[in-house]
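Structure record follows, encoded as structure tokens.
The values are calculated or read from the model by the stated rules, or taken from the named source; none is laboratory data. Note that this is a predicted model, so its numbers are computed, not measured. Cβ coordinates were reconstructed from backbone atoms using ideal geometry, including for glycine residues, and neighbour counts include every protein chain displayed. For the accessible areas, the whole protein counts, side chains as well, though only heavy atoms, and no ligand, DNA or RNA atoms are used. Shrake-Rupley method; radii C 1.70, N 1.55, O 1.52, S 1.80 Å.
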Amino acid sequence: MTPAPRRAPARGGGRTASAIPQVSWRAPQPAPIVLVSGPEEVCAERAIAGLRDYLRAEDDSLEVSDLRADDYAAGSLLALTSPSLFGEPRLVRVSGVEKCSDAFLTEALRYLESPQDGATVVLRHTGQSVRGKKLLDAIRSGTGGGIEIACPAVKRDSDRFDFAAGEFQAARKRIAPVALRALVGAFSDDLTELAAACQQLIADVPGDVDERTVERYYGGRVETSAFTVADTAIAGRYGEALVALRHALASGADPVPLVAAIASKLRTMARVAGTRESSSALAARLGMKDWQVDRARRDLTGWNETSLGMAIQAAARADAEVKGASRDPVFAVERLVTVIATRAPFGAG
């Protein structure tokens with residue numbers, strides 16, 4: 001069942017409050033005007049493809065056309081949306097609205113006043129410029145009877161985790177949390193590749209996806225991920241941590257994000273340490289996910305207040321060194337891994 005669209009609240013940063021329904025990119029719905037906004041291309045492409053499939057499932061005679069708002073020939077929008085002799089439904093996909101020409105802006109504003117019956121016009125605006133703001137404001141005010149599909153940037157690890165989890169949930173396929181985290185860690189720098197990896201596992205694996213499956217498909221990526229280095233060091237597996245670190249460095253990984261990954265996990269451990277609240281209550285209070293709290297509590301095994309404080313100081317020193325305070329950033333991250341994995345005194349080595 002398609003979830004009911006929601007209304008968007010007012011937003012800061014100069015963004016006009018939207019009076020039109022907000023629809024998830026995972027469950028797009030047709031409307032006379034569909035504004036697909038935001039910089040995340042993976043989500044935008046999924047939304048637009050989903051709209052096409054939705055409309056084609058309703059009527060396989062659907063006519064699909066593409067326009068560029070930045071290279072627009074006058075009259076094109078009206079020509080493509082006008083009914084044909086046999087009255088087939090029309091889908092017009094307009095790209096580059098953030099770079100739209102004056103001719104397109106004028107005609108699009110006019111079109112909003114009287115959309116064509118049987119036509120769905122999808123307007124793709126990345127939000128990377130204020131060009132076309134008058135058009136966006138008109139759509140969001142309700143002119144044209146449109147909806148908005150927001151595709152905000154996926155930047156944080158928790159956002160990537162939610163994205164990947166959503167891929168499997170949408171396919172009604174189960175993946176073990178540790179396997180999902182390994183998969184996200186392996187593709188932490190490229191959402192397009194992460195999406196493709198999720199879809200490959202969904203298509204290829206007949207049963208549930210576990211950690212061994214992820215390692216079999218993407219072991220090379222998993223071994224060299226920053227969080228694998230962090231996980232093995234924090235778990236006290238010194239030999240594995242050094243091997244993972246050397247694989248990462250040999251694959252071109254930069255010491256800065258390696259140290260950042262370790263520091264991030266240590267900070268999360270420090271926030272969770274000593275608390276007795278339930279995972280859900282603590283996660284809500286700290287603005288975290290339940291799984292992050294559970295993982296941090298598992299990571300704390302074998303640690304105490306003194307050793308955790310020492311590790312955090314070592315991470316701070318390494319962070320400064322890999323950002324220019326040392327001539328040898330590789331040695332700095334190696335020393336950090338050694339300090340953490342062996343619980344050695346701060347500054348040893």
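Which residue is nearest to the chain's Cα centre (by Cα), if the candidates are limited to segment 138-157 and must be closer than 23 Å to ILE202 by Cβ and open to solvent by less than 20 Å² (accessible area, probe 1.4 Å)?
CYS151
Which one of these does ALA273 not meet: (1) under 20 Å from ASP328 (Cβ atoms); (2) at pLDDT 85 or above; (3) of a type in the set (A, V, I, L, M, F, W, C)?
It fails just one condition, (1).
Looking only at residues in segment 166-209 that are of a type outside the set (Gly, Ala, Ser) and under 21 Å from ALA296 (Cβ atoms), which one is modelled with the highest pLDDT?
As a first pass, look at segment 166-209 and keep what is of a type outside the set (Gly, Ala, Ser): 167-169, 172-175, 177-178, 180-181, 183-184, 187, 189-194, 198-202, 204-206, 208-209.
This time we only want the ones that are under 21 Å from ALA296 (Cβ atoms), so: 175, 177-178, 180-181, 183-184.
Working: ILE175: 96, PRO177: 89, VAL178: 85, LEU180: 92, ARG181: 85, LEU183: 89, VAL184: 88.
Among them, the one singled out is ILE175.
Could you list all residues from segment 36-59 that are outside any helix (DSSP H, G or I) and surrounded by fewer than 17 Cβ atoms within 10 Å (Cβ to Cβ)?
Answer for segment 36-59, where residues must be outside any helix (DSSP H, G or I) and surrounded by fewer than 17 Cβ atoms within 10 Å (Cβ to Cβ): PRO39, ASP59.
Would you mind finding the one in ALA253, ALA230 that is part of a helix (DSSP H, G or I), closer than 28 Å to ALA332 by Cα and in contact with a Leu (Cβ under 9 Å, 6 or more places away or on another chain)?
ALA230
I'd like the residue in segment 120-136 that is crowded, with 22+ Cβ neighbours inside 10 Å and touching a Ser or Thr at 6+ places or on another chain (Cβ under 8 Å) and, out of all such residues, is nearest to SER84 (Cα to Cα).
Filtering first and then ranking leaves VAL121.
Please go through segment 153-180 and give me each residue that is assigned to a loop (DSSP other than H, G, I, E, B), under 24 Å from GLY127 (Cβ atoms) and among the basic types (Lys, Arg), ordered by number.
Those that are assigned to a loop (DSSP other than H, G, I, E, B), under 24 Å from GLY127 (Cβ atoms) and among the basic types (Lys, Arg): LYS155, ARG156.
Please go through (1) surrounded by fewer than 21 Cβ atoms within 10 Å (Cβ to Cβ); (2) hydrophobic (A, V, I, L, M, F, W, C); (3) under 20 Å from TYR218 (Cβ atoms) for LEU242 and return the number of the only condition it doesn't satisfy.
For LEU242, the exception is condition (3).
Pairs needed: first member in segment 123-145, farther than 13 Å from SER18 by Cα and touching a residue at least 24 places away in the same chain (Cβ under 8 Å); second member anywhere, among the hydroxyl-bearing types (Ser, Thr, Tyr) and in a strand (DSSP E or B); C-beta distance under 6 Å; at least 6 residues apart or different chains.
Matching pairs, first to second residue: ARG124/SER95; HIS125/SER37; GLY127/SER37.
When the residues of segment 160-216 are narrowed to those that are β-branched (Val, Ile, Thr) and crowded, with 17+ Cβ neighbours inside 10 Å, which ends up farthest from LYS289 (Cα to Cα)? Even if it seems obvious, please write down each step before you answer.
From segment 160-216, those β-branched (Val, Ile, Thr) are 175, 178, 184, 192, 202, 205, 209, 213-214; that's our starting set.
This time we only want the ones that are crowded, with 17+ Cβ neighbours inside 10 Å, so: 175, 184, 209, 213-214.
Values: ILE175: 17, VAL184: 15, VAL209: 21, THR213: 24, VAL214: 22 Å.
Of everything passing the filter in segment 160-216, THR213 is farthest from LYS289 (Cα to Cα).
Hey, among VAL259, VAL322, VAL272, VAL293, which residue is farther than 24 Å from ASP159 by Cβ and not acidic (Asp, Glu)?
Among VAL259, VAL322, VAL272, VAL293, only VAL322 is farther than 24 Å from ASP159 by Cβ and not acidic (Asp, Glu).
Which of the residues belonging to segment 26-43 are in contact with a Lys or Arg (Cβ under 9 Å, 6 or more places away or on another chain) and more than 21 Å from PHE104 (Cα to Cα)? If you could, list the steps in order and put the result at the bottom.
The initial filter retains those residues of segment 26-43 that are in contact with a Lys or Arg (Cβ under 9 Å, 6 or more places away or on another chain), namely 26, 28, 35-37, 43.
Once the filter is applied, which keeps residues that are in contact with a Lys or Arg (Cβ under 9 Å, 6 or more places away or on another chain) and more than 21 Å from PHE104 (Cα to Cα), segment 26-43 yields ARG26, PRO28, CYS43.
Can you report the number of residues in segment 29-42 which are among the hydrophobic types (A, V, I, L, M, F, W, C) and modelled with pLDDT under 95?
1
Could you please give the count of residues in segment 315-342 that are open to solvent by less than 40 Å² (accessible area, probe 1.4 Å), part of a helix (DSSP H, G or I) and small (Gly, Ala, Ser)?
Result for segment 315-342: 4.
Run MET288 past the list (1) part of a helix (DSSP H, G or I); (2) modelled with pLDDT under 85; (3) more than 17 Å from ILE340 (Cβ to Cβ) and report the number of the one that doesn't hold.
Status for MET288: all satisfied but (1).
Only one of these is at negative phi, β-branched (Val, Ile, Thr), part of a helix (DSSP H, G or I) and modelled with pLDDT of 95 or more: THR120, THR106. Name it.
Exactly one of THR120, THR106 is at negative phi, β-branched (Val, Ile, Thr), part of a helix (DSSP H, G or I) and modelled with pLDDT of 95 or more, namely THR106.
In segment 281-300, which residue that is touching a residue at least 60 places away in the same chain (Cβ under 8 Å) and open to solvent by 50 Å² or more (accessible area, probe 1.4 Å) is nearest to GLY236 (Cα to Cα)?
Only one residue tops the list, namely TRP291.
What are the pairs, 6+ residues apart or on separate chains, where a residue within segment 156-171 that is among the aliphatic types (A, V, I, L, M) has its Cβ under 8 Å from a residue that is surrounded by 19 or more Cβ atoms within 10 Å (Cβ to Cβ) and outside any helix (DSSP H, G or I)?
Matching pairs, first to second residue: ALA165/ILE175.
Which of the residues spanning segment 123-152 are in a helix (DSSP H, G or I) and among the acidic types (Asp, Glu)?
Selection gives ASP137 alone.
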